[in-house]
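Below is one structure, written out as structure tokens, with a few remarks after it.
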Amino acid sequence: MANHFQAYLKMCKELATLGTCPRAQIGVMAIKENRVLLTGYNGAPSKEPQCNQVGCLVDDGDHCIRAVHAEQNLVGLAARWGISLDGSSMIAYSIVPNPSSLARIVKEPTCERCTLLVKTAGIVEAVCKVEGIDEVFKTIYVDRTFRTEL
Ligand SMILES: [Zn+2]
Ligand SMILES: [Zn+2]
């Protein structure tokens with residue numbers, strides 16, 4: 001029987017296809033009390049050139065710095081619209097065309113900077129799935145409130 005988590009994970013997979021960075025496409029949702037608060041995916045700020053139009057901008061650490069990470073977009077939109085993410089759970093789905101070139105994403109689907117950001121926004125846990133990898137990564141940031149049923 002399908003549960004909320006499975007349904008939301010499927011929706012995150014669809015959201016990921018909107019991601020505009022060819023290195024990785026990531027769809028995220030903030031969930032609270034089994035309701036979707038907000039969604040996001042990775043890409044440059046709207047109305048700015050996107051990776052899939054003008055190419056990635058890669059820094060020394062092999063990160064694309066043109067695309068805003070899906071988690072950053074989620075927190076940014078929450079701030080813009082005045083939606084509190086405090087006590088929410090994050091679900092993320094990553095499509096990585098070439099996982100061997102991005103071992104970091106496979107090992108740690110939410111990057112270090114985004115982990116700090118979502119913790120600061122009050123997100124209490126993250127459940128991340130990478131396409132093609134059976135394992136689901138679940139990280140609990142704060143031991144309180146709602147839990148996603150896996
Ligand atoms: Zn890119
Ligand atoms: Zn990130």
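No lab work stands behind these numbers, since they all come straight from the coordinates. Note that the coordinates shown come from a computational prediction; the quantities given were computed from them, not determined experimentally. Here the Cβ positions follow ideal geometry from the backbone for every residue, glycine too, while neighbour counts run over all protein chains shown.
Angle, helix 70-81 long axis vs. longest principal axis of the chain, Cα atoms, 0 to 90°, nearest 10?
Taking Cα atoms only, the helix is inclined about 70 degrees.
Please give the contour-minus-distance gain from residue 116 to residue 138: 0.36 nm per residue of separation, less the Cα-Cα distance, rounded to one decimal in nm. Intermediate results must be reported in sequence, preceding the final value.
On the way: separation 22, 0.36 × 22 = 7.92 nm, distance 1.57 nm.
Full extension of this stretch gives 6.4 nm more.
Give me the percent of DSSP beta bridges within the chain that run antiparallel, rounded to the nearest 5. Before the final figure, lay out the partial values.
Numbers: 20 of 26 bridges.
So the antiparallel bridges in the chain amount to around 75 percent.
Give me the percent relative contact order of the chain, please, defined on Cα pairs under 8 angstrom at least 6 residues apart.
On the way: 298 pairs, mean separation 35.4, N = 150.
Result for the chain is 24 percent.
Rounded to the nearest 0.05, what FRET efficiency do residue 57 and residue 10 have when you use their Cβ-Cβ distance and R0 = 41 Å?
On the way: r = 31 Å, r/R0 = 0.76.
It comes to 0.85.
Exactly which trypsin sites (Lys or Arg not before Pro) in the range 2-50 are in a DSSP loop and have at most 16 other Cβ atoms within 10 Å? If you can, show how the numbers build up before the last one.
On the way: sites: 10, 13, 23, 32, 35, 47; in loops: 23, 47.
Answer by residue number: 47.
Using the Cα centre as the reference, give the magnitude of the dipole from point charges on the C-beta atoms of the chain (Lys, Arg: +1; Asp, Glu: -1; all else neutral), rounded to the nearest 20 debye. Can you show the working numbers first?
On the way: 16 positive and 16 negative charges, 62 e Å.
Approximately 300 debye in magnitude.
Running a GNM on the chain with Cα contacts under 10 Å, which residue among 133, 91, 31 ends up with the highest mean-square fluctuation?
133
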